[in-house]
Every structure is written in C-alpha cells, then in structure tokens.
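Quick note: the coordinates plus some simple rules give every number you see, no bench work behind them. None of these values were measured; they are calculated from a predicted model. Cβ placement follows ideal geometry from the backbone for every residue including glycine, while neighbour counts extend to all protein chains displayed.
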Amino acid sequence: MKIAIVGTGYVGLPTGVAFAEHGHEVVCIDTDTDRIATLRQGISPIKEPGLSQALLSTIEAGDLSFSDNLKDGIEGAEAVFCAVGTPESETGAANLEFVFKVAEDVGKLISQYTVFVNKSTVPAGTAAAVRDRIAAVTDVEFDVVSNPEFMAEGTALADVRTPSRIVVGTSSPRALEVMREIYDTYIRNGRNFRVMSEESAELTKHLSNGLLATKVSFNNEAATLAEAYGADIEDIRIAMGDDPRIGRDFMYVGPGWGGSCFPKDSRALIWLGQQVGIDLKVMQAADEANDVKMRELSGNVLDYFDGDLKGKKIALWGLAFKKNTDDIRESPAIFTMERLLDAGAKISAYDPLAMENAKTKYSDNKKISFGPRYDVLEDADALVIATDSEVYRIVNMEKLKQKMKAPVIFDGRNMIDYKIATKGGVYYHGNGRPILNPHE
C-alpha cells in the first residue's frame, strides 16, 4: 500500500520508517525544504535510538522517500497520515490550525477514495471537524480516522515497531479495512488492535498521557515527602512497585515532567473538561504539583548558597527533558538552568545529545558554556544532574573531586550510586533521599 505521512518530526518520521520496514511504500512530506533535502541524504534531523540506521536502510530498499510537494507526495496514496504539531494555545487548548490546514490542502488534491488518518494528538471531536473541512473542498469519497500515536521520545522507533496497542477510531467499515491492511503484519504478530469511535480514540490518547503525568507527579511528591522525613525514595519506590497493581514502570523520580507531550496534553485535558463543565481536579493537582517540583532542584542549589549565586560556576549534566533524545522543549533541565542563571550563576553544561539544540537556543548568552562531561566540572562550585542519561550513572568520583572547587552534587535524577556518594566524601543532595554532608 502507498502511504503518505505529512510531518517529519518526532511522530511522523519514526512512523514512516516503521511502516516502510513493514513493506509499505511510504512518502514523508514536509514544507521545510532543507529538512527534506537532509532526509533524502539519509540523515535524521532528530535523535532517536536506531532511527538513523533504519532511515538509511528503508531509503536504500526503495520503500521510503521524501517530498516537499504535497500534491506529488499524496498522489496514489490510499491513506494520508497527519503527523503535524498541535501546540498549546493561550487557553490551554490544543492549537489545531496545522491539522486543519493539512486536512483542507489534502481535500483539495485527492482524486480517489482516501483515508485521512489523524496521528497528531488532538481533542475529542477533531475527527468530525476535520471531516467537515475536507467535505467542504472536495466531492471525492474519503473517510477520517483517528489513530493516535503512543510513542515516547527516546524509544519512539521501538514503540512504533512493537506497539503496546494500536487504537483505531472509525465508524466506517471501508476505512477500517484500509487500516487493517496497513497494520496487517502488526496484527499477525499479535499486537493489540483496538477499534472504537473517533471520539473514544482521541480521548484514549489524552487520558493515557494524563494518567502517566499524574503518576509521575505522585512519585515526585512522594520523593519530597521522603526527603523531609530522612527516608529514601529509591527503597520506597521499589517496594511499592512490588505490588502488581502499582508496578515498577514509571516509578522513577525527577525534577518534574516536560517535553512536547505531558505539559500541553495535561493542560489540554483540563481544558476539555472545562468545555463540558467538568472540573478535572486530579489532573489539575498533578499539573500544579509539577510546577512546584520544577522549582525544587534549583531551589536546593539556591538554599545551599544562601540564595546568592553571583560569581558561582555551576556544572550542569543534562539539557534534554529526558534521556535518549535531543528535545529541550519544556525541559526541567533547561528550566533549572534558567533559574540558576537568573540568580547570577554561570553555567557549564553537557548533554550527550541535546547540546547542539541548546547552543542554538542560547547562542547569545555568554554566561553559558558547553563541553565534554568532565571538562565542564573544571573549577565548578557545584554539579547539578538534571537528566537521566545512562552516562551519568558511572562517575569517576576522584576525577570529579580533582576538577571541582568543592565536591557538591545536586542529583535531581538519583543517578549516582548512593553508596559511592557516601564513601566519596562529597556533599550529595539527591531527590527524596537523606542528604550526605561530610562536614557535619
């Protein structure tokens, strides 16, 4: 089957690569001509494990191609997937202008029966609105399907290769037949294929993200409580996770949740409730708890230095919002860095994937420097660990102490082994753990 995918970002590109791996003829379309030129060379503009190699393989196999021309890209396609952004608007609602623009443009160009598949995260009722917009510009038969993505940045390609579930929202038997053909190899491999209404599919995505964000907020609040009582959240979360009703997945603590999904999707969910007179108190509390947690890591640093960071150099390990990605959008690490800068600090930062994005964003800020992991520790007054990249788990403590002015560590992700920190003679302030102070 020929499939067109509009949008080559964190959703569209991994989806296109995975579909091509399953033997479909896939064309990925984007208005960014430079991006398309880069992709045609087999170079991925985003960092995701395994994506670069898979991109090259599917291009070389002739199953994946790219176009900056919508008309050429969708010609002959039986399904057109919309994978464009739905950023947060001023009201908290998802901004659907890009989705609607793609729908109208596709509607004007189709010449045969086409299934318009919405892969973007959208509120309930969007499929009906998209259907109206396409119907207004074409007499050609078409159907609109909601097929939300359930990918996490850092595991996006793996998630679309082996999905936990495939959710298809449609009331059209004809469209469902097309979707079954697209996902035929997945279904034969035993993947969960869930068929429901368009509205149910749209809500499934938002509610899934809302529940995951709530779980993280609960864990982060638990860490703050544990620290106040001198308990260790790492022991607590493992014991809690032994209960199969709770489980160990998503039980790690951090300096707050960020990225392109949880912040905007939680607020969009709250907005959705407000539209029908429902006050989603649990989701609101999770969002508010995250706002508090986001300030905690930088607050710990400020407290240690009595609120004055002028003349202080802070080494920062982590810029992305999570490991295995270069995405710095709404990153707790970036939020922490900006608060430290506002307090007068100079920052020397390292991240295995996200440094180029950060350098671009802060190219005019002379108070920020970047470098290799241990180099940024040179003459630093403190080290802040804000991202859970695996490289931070292994630390040469002697090398760290030699480079830093003083061995002071604020570990927002509990990456450093507590026993090593205990023996290392460092000031160690983890997240939800007893503080180690060798001077007491």
Name the residues whose placed amide hydrogens come within less than 5 Å of the amide hydrogen of Glu88, ignoring near sequence neighbours (fewer than 5 apart) on the same chain.
Asn95
Quick one: plug the Kirkwood hydrodynamic radius of segment 339-422 (C-alpha pairs) into Stokes-Einstein at 20 °C, 1.002 mPa s, and report D in µm²/s.
157
Going from the alpha-carbon gyration tensor of segment 384-440, what semi-axes, largest first and in whole Å, does one get by taking the root of 5 times each eigenvalue?
16, 14, 10
Backbone HN-Hα couplings from phi across segment 366-379 [Karplus 6.51/-1.76/1.60, Hz, Gly and Pro as x]
6, 8, 10, 10, 10, x, x, 4, 7, 5, 5, 7, 4, 6
Mind listing the long-range amide H neighbours of Val167? Cut-off is under 5 Å, sequence gap 5 or more, other chains count too, H placed in the peptide plane at 1.01 Å from N.
Arg194
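Among 134-146, 375-387, 340-352, how do they line up from the highest to the lowest mean number of other beta-carbon atoms within 10 Å?
375-387, 340-352, 134-146
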Could you tally the net charge around Ile43, taking each other residue with its Cβ under 15 Å from the Cβ of Ile43, Lys/Arg +1 and Asp/Glu -1?
-4
In whole Å and largest first, what semi-axes does the C-alpha gyration tensor of segment 2-196 yield when each eigenvalue is scaled by 5 and square-rooted?
23, 19, 18
If you average 1/r over all unlike Cα pairs in segment 278-433 and invert the result, what Kirkwood radius do you get in angstrom?
15.9
What is the sum of charges around Glu88, taking Lys and Arg as +1, Asp and Glu as -1, for the other residues whose C-beta is under 10 Å from the C-beta of Glu88?
-1
Return the Rg/Rh value of the chain, two decimal places, where both radii are evaluated on C-alpha atoms and Rh is the Kirkwood radius.
1.01
Direction-averaged shadow area of the convex hull around the Cα atoms of segment 28-90, nm²?
5.8
In the structure shown, do any of Lys313/Lys399; Lys205/Lys346; Lys119/Lys215 have a Cα-Cα gap over 29 Å, and if so which?
Lys205/Lys346
Please arrange Leu316, Leu70, Leu225 by counting, for each residue, the other beta carbons lying within 10 Å of its beta carbon, fewest first.
Leu225, Leu70, Leu316
Spin-label point model (7 Å from Cα, Cβ direction): what's the Glu75 to Ala228 distance in nm?
6.5
So what are the radius of gyration and Dmax for the Cα set of segment 118-228, in Å?
17.4, 65
Sequence order, segment 280-293: Karplus ³J(HN,Hα) from phi using 6.51 cos²θ - 1.76 cosθ + 1.60, θ = phi - 60°, Hz rounded, Gly and Pro as x, gives 7, 5, 5, 5, 4, 5, 5, 5, 5, 4, 5, 4, 5, 5
A student asked for the Cα radius of gyration and Dmax of segment 331-370 in angstrom ought to give 9.5, 26
Which angle from 0 to 90°, rounded to the nearest 10, does the C-alpha axis of helix 173-182 make with the longest principal axis of the chain?
50
Quotient of C-alpha Rg and 2.2 N^0.38 Å, computed over segment 206-292:
1.16
If you add up the charges near Asp34, with Lys and Arg at +1 and Asp and Glu at -1, over every other residue whose beta carbon is less than 13 angstrom from its beta carbon, what do you get?
-1
Need one number: nm distance between label points at Arg245 and Asp184, each 7 Å from Cα along Cα→Cβ, rounded to one decimal.
4.4
Modelled FRET efficiency - R0 25 Å, Leu56 with Thr162, Cβ distances, 0.05 increments
0.75
What ranking of Arg248, Arg329, Arg188 emerges when the number of other C-beta atoms within 10 Å of each C-beta is taken as an exposure proxy, fewest first?
Arg188, Arg248, Arg329
